[in-house]
Amino acid sequence: MKQFFLRRFFVLPLVCLVCIFCCSCGNQNAGDSGDSREVGTYTPGETNVLVPEFGDADTVDAGPLTLDFSNASSGYFMGVLSEPGKTVNIQVTGPDQVIYKYFLNTADVRTAFPFTAGDGTYIVLAFENVGNDQYATLLSYSLNVELKSEFLPFLYPNQFVDFTQDSEAIQLASELSADAETDLDALTTIYQYVTENITYDDEKAATVETGYLPDIDDTLHTKTGICFDYAALTVSMLRSLSIPARLSIGYSGEIRHAWIDVYIESIGWVKNAVEFNGNEWKMMDPTFASALGNEQNISDYIGDGSNYVLQYVR
């Protein structure tokens, strides 16, 4: 069932903030066991970048914005602006009742947005900026999503996890995984590369502006980044290898941070696999697959993970 309405000239103030992060950290626990992955099979050295597509089976036009829901069953919808100089805020609420906020401000760029809450009813709202912090309602759209696979939202690129087959980071993922026999081996290899070659950028963390989106190839070139950059780079490389990965966003105590969750076929979802202790990045010993958490390599602060509060998944 799908419902939508279009409405213009109703002006309201919105507090629309895109998450900004100052550091990143996490703990790693044996994750939820899940069904064997239905989409994509890890093969050493082989990338398989899924490409979001704009269809014509289910599109909605509202002023400068067009939204395409034709591929909702693949875990995403698309948006594009037809007019330069416009800013549109898109808000997505799924069955988890979490409100996800996205912004479009570049014309003629088709952008993918994920349905991260799985199967169920989603409400998509769109608002056009009409000056300062004033926004006019463009549309409200309701649809029921039935995913072809629960992993698809975490395999496709999207606005926050942005990559293509031509991205240098994706080519590097292929090279790094050439001798990695399993998805766990690939995770370990890629994680070690990122944490050994990218340094934490304290200045960027202190000055990053609202609306910042990671550029994974830029992170490779500069070899610096904040938690958001670490997580986006790692997640992009894993997804390109058909390894489902989530970019998770929330708090560590009172500090904004981002980390990753990864689906390993022999384990299920492994949560909070990225840890930053203020000086260096670490991953729990890869033997967690057999140790099931008996071997701990987590800072005293992280403890059992209760300091970590998840807000969003991208």
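Some observations on this one:
- If you plug the beta carbon distance of residue 197 and residue 266 into 1/(1 + (r/R0)^6) with R0 = 22 Å, you get a FRET efficiency near 0.20.
- Phi to ³J(HN,Hα) by Karplus 6.51 cos²θ - 1.76 cosθ + 1.60 over the range 49-58, Hz, x for Gly, Pro: 7, 7, 10, x, 10, 8, x, 9, 7, 8
- Applying 1/(1 + (r/R0)^6) with R0 = 30 Å to the Cβ-Cβ distance of residue 148 and residue 174 gives a FRET efficiency near 0.75.
- Around the Cα centre of the range 127-235, unit charges on the Cβ atoms of Lys, Arg, Asp and Glu (plus for the first two, minus for the last two) sum to a dipole of about 320 debye.
- Shape call, the range 104-169: gyration tensor on alpha carbons, a/c limit 1.5: oblate
- Size of the range 55-141 as Cα extents on the principal axes (Å, biggest first): 36, 27, 16
- Only the Cβ atoms of Lys and Arg (+1) and of Asp and Glu (-1) were treated as charged; on that basis the dipole of the range 91-182 about its Cα centre amounts to roughly 440 debye.
- The alpha carbon centroids of the range 170-215 and the range 93-136 are separated by 27 Å.
- For the range 113-120, 3J(HN,Hα) computed residue by residue from phi via the Karplus equation (6.51, -1.76, 1.60; θ = phi - 60°) reads 10, x, 9, 7, 8, x, 5, x Hz, glycine and proline entered as x.
- Per-pair calculated FRET efficiency, R0 = 35 Å: residue 132 and residue 73 via Cβ, rounded to 0.05: 0.35
- The range 97-241 - Kirkwood radius from inverse mean 1/r over Cα pairs (Å): 17.5
- In this simple spin-label approximation, residue 164 and residue 222 carry label points 7 Å from Cα along the Cα→Cβ vector, and these lie 2.2 nm apart.
Each reported figure results from applying straightforward, stated rules to the coordinates on display, with no laboratory input. Small disclaimer: the values here were computed from a predicted structure and weren't measured. Cβ sites come from the backbone with ideal geometry, for glycine too, and all protein chains shown count toward neighbours.
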